[in-house]
Number of protein chains: 2
Amino acid sequence: MNREDALSIIKSFLLELLPDLSEEAWNEFAKRVIIHKYKKGEVVYKPGVVCNYVSYICSGLLRSYFLIDGKEVITAFADTNSYFSDYESFLTQQPVRMYTDALEDTVVVDIDYNNLQELYSTYHDCEKIGRLIAENLFIELSNRNYDFQFDGPEKRYEKFLEQCESIVQRIPQYMIASYIGVTPEALSRIRARRNNGNGNVLVDQDQ
Amino acid sequence: MNREDALSIIKSFLLELLPDLSEEAWNEFAKRVIIHKYKKGEVVYKPGVVCNYVSYICSGLLRSYFLIDGKEVITAFADTNSYFSDYESFLTQQPVRMYTDALEDTVVVDIDYNNLQELYSTYHDCEKIGRLIAENLFIELSNRNYDFQFDGPEKRYEKFLEQCESIVQRIPQYMIASYIGVTPEALSRIRARRNNGNGNVLVDQDQ
DNA sequence: AAAAGTTATTGATCTAAATCAATAAAAAAA
DNA sequence: TTTTTTTATTGATTTAGATCAATAACTTTT
């Protein structure tokens, strides 16, 4: 993945958000981004540092989690072809509270805080994209909230299977458990129950 | 509360977000807002309708809640001098899923969706305010999320008392319970425990 | 292929909060 | 004031999921 290719992917992403994005705004944006690569397992952010970037993930998979008395509580996966940031830290310029690391070798394209603020102020188009992204993040978070308040663990698991189809096969089950807010044991039981419901697994042994 | 007064309150609010807000953008904004009054108990939004406004609450108190098999689950209070919207519905222009009603007689200043989009496109300053508001809402929601995942009910109650001091005295306790995600019985017990901790309530009866 | 290290399953027990039920206290209406 | 309605407390029971513990199934390394 070279810079050309990465930029072209991001450009189509931005054009989807804002079809009439001006060439000038795009060019200024493109000038300022930098490419960053992480090996599988590498830490991207850890508590104490400020998240200074919004990233577009060109390839790979990131995940964020809280470490609460020795236990990981995963709050987000960020897959290829989506953007990622510890947005709370980025916006407030306060230290992150979560770890973020790479679950696979990952290539991202970053824009840093100062450059982005400059683009926001200079180009109405960039400002608009910033608004649209913040709005989308808000909606996503609202939905996740809703799931946690009103869907039981089973339903959250079902939804995860549907909505994160492309991630399911790439991560161990205990990470899914963490993300949907249950212990690995509980998820295992949910799966056992599911398999009794439909006749997939239990079959007569003899004759 | 007349239009003049209301607008002046909103103007200072917006200037706090964006100190160099242009007079022109402000004037165009001011032209387009409308004032709306609700009696105590009046329904502002109910499931099925689209939320077409972002409101600034000049006086009064609103609250939003889901109705889940006959039970209210409160997700937000919006007090005097803050803005309010069923933002998910507003942004997506899809029907709201929550009820919103007035807990007190309330006066709000509304801007509607189409007018706001127009302002966004025409005035970079408006766009910027829109971004900042979306970002703030995201941060607020992140924090509420964090509280629900990592703070127990006791701590959520403590935080509510601190952070919503001005609301506490104005609403019944069962609404606080609902907002912090427990039953009224559970909150009553939390309070009983608190009162044993410090020696405020239990005193010797005779002599 | 064997060994070591992960990850997943299954069972037994524990626990925080929900639910159910009754009463008490406070507020509003008569 | 008395009555009625709303709100809060307290106790008993239930329950979903956590925790603890052991084993089994996979993976990876050697």
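The values are calculated or read from the model by the stated rules, or taken from the named source; none is laboratory data. Note that the structure is a prediction, hence the values are computed from the model and not measured. Glycine gets a Cβ as well: all are built from the backbone with ideal geometry, and neighbour counts include every protein chain shown. Please note that ligands, DNA and RNA were not included when accessible areas were found on the heavy atoms of the full protein model with its side chains. Shrake-Rupley method; radii C 1.70, N 1.55, O 1.52, S 1.80 Å.
A few remarks follow.
- Boolean, B:Glu88 is in contact with a Lys or Arg (Cβ under 9 Å, 6 or more places away or on another chain), within 9 Å of chain A (Cβ to nearest Cβ) and open to solvent by less than 30 Å² (accessible area, probe 1.4 Å): no
- Every condition in (1) touching a Lys or Arg at 6+ places or on another chain (Cβ under 7 Å); (2) more than 16 Å from DNA strand C (Cβ to nearest atom) holds for B:Asp147 except the one numbered (2).
- Boolean, B:Glu72 is under 24 Å from B:Leu161 (Cβ atoms) and open to solvent by 50 Å² or more (accessible area, probe 1.4 Å): yes
- Matching residues, region B:139-153, being facing chain A (nearest Cβ under 9 Å) and either out of contact with any helix residue (DSSP H, G or I) (no Cβ under 7 Å at 6 or more places or on another chain) or not hydroxyl-bearing (Ser, Thr, Tyr) (or both): B:Ile139, B:Leu141, B:Asn143, B:Arg144, B:Asn145, B:Tyr146, B:Phe148, B:Gln149, B:Phe150
- Only one of the listed residues (B:Asn136, B:Asn114) is among the polar types (S, T, N, Q) and more than 14 Å from every other protein chain (Cβ to nearest Cβ). That residue is B:Asn114.
- Residues of region A:150-176 that turn out to be within 12 Å of DNA strand D (Cβ to nearest atom) and polar (S, T, N, Q), as a count: 2
- When A:Arg97 is tested against (1) open to solvent by 60 Å² or more (accessible area, probe 1.4 Å); (2) within 12 Å of chain B (Cβ to nearest Cβ); (3) away from DNA strand C (no atom under 16 Å from the Cβ); (4) in a helix (DSSP H, G or I), just one condition goes unmet, and that condition is (4).
- Checking every residue in region A:177-198 against the condition of being away from DNA strand D (no atom under 16 Å from the Cβ) and free of Cβ contacts under 8 Å to residues at least 24 places away in the same chain gives at least one match.
- The lone exception for A:Phe160 - which of (1) within 11 Å of another protein chain (Cβ to nearest Cβ); (2) free of Cβ contacts under 8 Å to residues at least 24 places away in the same chain; (3) more than 30 Å from A:Asp20 (Cβ to Cβ) it fails: (1)
- Subset of region B:13-54 [surrounded by fewer than 13 Cβ atoms within 10 Å (Cβ to Cβ) and within 19 Å of B:Ser89 (Cα to Cα)]: B:Val43, B:Pro47, B:Gly48
- Among the residues of region B:160-170, those identified as open to solvent by 20 Å² or more (accessible area, probe 1.4 Å) and in a helix (DSSP H, G or I) are B:Leu161, B:Glu162, B:Gln163, B:Glu165, B:Ser166, B:Val168.
- Test: residue in region A:61-75 that is in a strand (DSSP E or B), aromatic (Phe, Trp, Tyr) and under 14 Å from the mean Cα position of the chain (by Cα): yes
- Test: residue in region A:110-123 that is under 16 Å from the mean Cα position of the chain (by Cα), open to solvent by less than 10 Å² (accessible area, probe 1.4 Å) and over 22 Å from B:Tyr123 (Cβ atoms): yes
- Filtered by the rule that a residue be away from DNA strand C (no atom under 11 Å from the Cβ), part of a loop (DSSP other than H, G, I, E, B) and modelled with pLDDT of 95 or more, region B:171-200 gives a lone residue, B:Ile171.
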